[in-house]
1. How many residues are surrounded by 20 or more Cβ atoms within 10 Å (Cβ to Cβ) and either hydrophobic (A, V, I, L, M, F, W, C) or assigned by TED's automatic domain parsing to the domain that holds VAL175 (or both) if we restrict to region 39-58?
2. Being of a type in the set (A, V, I, L, M, F, W, C) and surrounded by fewer than 16 Cβ atoms within 10 Å (Cβ to Cβ) is the filter here, so list the residues in region 353-364 that pass it.
3. Conditions: (1) among the β-branched types (Val, Ile, Thr); (2) surrounded by 13 or more Cβ atoms within 10 Å (Cβ to Cβ); (3) out of contact with any strand residue (DSSP E or B) (no Cβ under 8 Å at 6 or more places or on another chain). THR367 meets all but one. Number of the miss?
4. Which residues, taken from region 217-245, are under 35 Å from the mean Cα position of the chain (by Cα) and farther than 12 Å from LEU172 by Cβ?
5. Have a look at ILE516, ILE453, ILE444 and point out the one that is surrounded by fewer than 24 Cβ atoms within 10 Å (Cβ to Cβ) and either in contact (Cβ under 8 Å) with a residue 60 or more places away in the chain or within 15 Å of ALA557 (Cβ to Cβ) (or both).
6. Do the conditions hold for ALA190, that is, is it touching a residue at least 24 places away in the same chain (Cβ under 8 Å), assigned to a helix (DSSP H, G or I) and either buried (at least 20 other Cβ atoms within 10 Å of the Cβ) or touching a Lys or Arg at 6+ places or on another chain (Cβ under 8 Å) (or both)?
7. Scan region 230-237 and give yes if some residue there is out of contact with any Asp or Glu (no Cβ under 7 Å at 6 or more places or on another chain), among the small types (Gly, Ala, Ser) and surrounded by 14 or more Cβ atoms within 10 Å (Cβ to Cβ), otherwise no.
Amino acid sequence: MKSLSVRQLALPLAISAALLAGCGPQQTATPTQTAVAVQQQSESDKANALFEQIFMAGVKRNPVQQTRLGIKDDYDKWQDLSDAHFEAGLELTRQHLVMLEAIDVTKLDDNTRVSYLLMQRNLQQDLDEAKWRLYSYPVNQMFGTHSQVPSLLINQHTISNESDAKAYIARLNAVPTLFSQLQHQLQQRAEAGIIAPKFVFPHVISASENVIKGAPFEEGEDSTLLADFTKKVAALSLDDASQKLLIDEAKVALLTSIKPAYSALIKYLQGLEQQASSIDGVWRFKDGAAFYNAKLKDTTTTELTAEQIHQIGLDDVARIHDEMRAIMQKTGFDGDLHAFFTFMQTDPQFYYPETEEGKAEYLTQATAVIDHMRTQLDTLFLVKPKAPMIVKAVEPFREKTAGKAFYQSPSMDGSRPGIYYANLYRMSDMPKYELEALAYHEGIPGHHMQLAIAQELEDMPKFRRFGGYTAYIEGWGLYTELLPKEIGLYQDPYSDFGRLAMELWRACRLVVDTGIHAKKWSREDAIQYLLDNTPNTATAIEKAIERYIVMPSQATAYKIGMIKLIELREKAKTTLGDKFDIRAFHDVVLKNGAVPLDVLEQLVDEYIAATQA
């Protein structure tokens, strides 16, 4: 999920003593207190209406986001990548800030006051970050406009009627304009010296070529997009002639719009590749150090420096290695930790076969792990998500370059379930001993638990229900890998090793991300560090390092967020003693949606104070 831009800001979350004074259960509010409450309600209503207006204004500007939310207002369009659209967005943000500042924050109820200050910092951060607009790679091996087109159409553009089918065709025909804008953005970055590293281009070009393979582009099986469209149209209650007409229109759009658009993009990328460098860190850009510091602040929602984050990573790697040695001894393995890593990497018992049957078994087992975890939720949570969740393999068209695993939130209207995607392109990258922890992280009690609950909060403005902060979201995901162990799961010591292996992976990310982007490590330096310190395969390591290169700072969110969550939980346990209830603690964390880590700390402090009272 996309993280919102954030910046450190002390938020006055504490409930006003003036409102609480004299309003205990045995007392009646005075006329003055009642008037204050009415005034607060009025100003809070005004603020929440403005939050809705601002959120929906952003949604209206982005048809892709509309589709992801299950809104079909601009179902036939793509997002506008033009400079004019970006500048208009900045002007709208300035206007929204002026409108927001007309609200009297002293008259807001507590929840609305939090929303107000989160909205304020988000809008201000969007303005502050405008100077870094070009500091990104619009196409890379992880994501980009080139892969967004088939991904959105296949996974999120549902076809419930003929109008939806025609909107799909219109989107196919709109791709040339979209890609023309994309090339303009790439050219602007190239002129500013911001070009993706050379290793990115073969991945991106290959992924683009895959989109235009198969019928109607060439003889053979249907292309990915034609197969998707045909399947969706076949499910409609239309006569054969109407279905054929739609499919024929889609074929024409694929040949006259998709083929030339992708061919032109591929040619452009091949030329841009000749200008690309093998230097990977963002330190190479003009003001690159300042950009990376801004990204760390945004990602972690802390003031931690690159040097501090690097050291936290080194210390955590050492701790986890010690815990792994204890498990190694428990299994009776004879050798050092590095030899144990090699054993875990190479022994066939830890891997499903590279067959369709092996992939199916992985999905079956992952589903079983999540289903069992569902039966344990009452011991840990007061609120559970209403939206369903399924486990699915990453589609063939993007599995070669997609991440190891990821989660897609359910649609706003509940018509599309949450999805845990497992990348089964290479089964040797998906060991059995990591299956359990990965399912917890991406599914339940991880991302599905947090993101679906956030979307379902009835007393929250939409920008909080559907927005996010990477350190909170990914910190929660990593925290929920540990949580099942605390209630007796991970009975197999190898699965417990897998849990630690995944935590180790995130600790190492602190080291290599800051190493690449602040300490001027090469791609090869970073790869070697992971080879020396983790049990992961060389292929998985290379793909991971390439991810960290094109997404500077993002990988630091997981461990920083988890560390803060555990720190806050231990603070609550120590302070409250017998009054501590893990379910109530999780309720505080989840019922406010995703928030910056400093805000989370203040929410937990309030929970502690209220429980003590």
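1. 3
2. ALA360
3. Here THR367 clears every test but (3).
4. Those that are under 35 Å from the mean Cα position of the chain (by Cα) and farther than 12 Å from LEU172 by Cβ: PHE217, GLU221, ASP222, THR224, ALA227, THR230, LYS231, LYS232, VAL233, ALA234, ALA235, LEU236.
5. Values: ILE516 fails: surrounded by fewer than 24 Cβ atoms within 10 Å (Cβ to Cβ); ILE444 fails: surrounded by fewer than 24 Cβ atoms within 10 Å (Cβ to Cβ).
On inspection, the qualifying residue turns out to be ILE453.
6. For ALA190, the condition - touching a residue at least 24 places away in the same chain (Cβ under 8 Å), assigned to a helix (DSSP H, G or I) and either buried (at least 20 other Cβ atoms within 10 Å of the Cβ) or touching a Lys or Arg at 6+ places or on another chain (Cβ under 8 Å) (or both) - is not met.
7. no
To keep it simple, each residue is scored yes or no on (1) hydroxyl-bearing (Ser, Thr, Tyr); (2) touching a residue at least 40 places away in the same chain (Cβ under 8 Å).
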{"position": "THR470", "(1), (2)": "yes, yes"}
{"position": "GLU474", "(1), (2)": "no, yes"}
{"position": "LEU482", "(1), (2)": "no, yes"}
{"position": "GLU486", "(1), (2)": "no, no"}
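The values are calculated or read from the model by the stated rules, or taken from the named source; none is laboratory data. A quick note: this is a predicted structure, and the numbers were derived from the prediction, not measured. All Cβ positions, glycine included, derive from the backbone under ideal geometry; neighbour counts span all protein chains shown.
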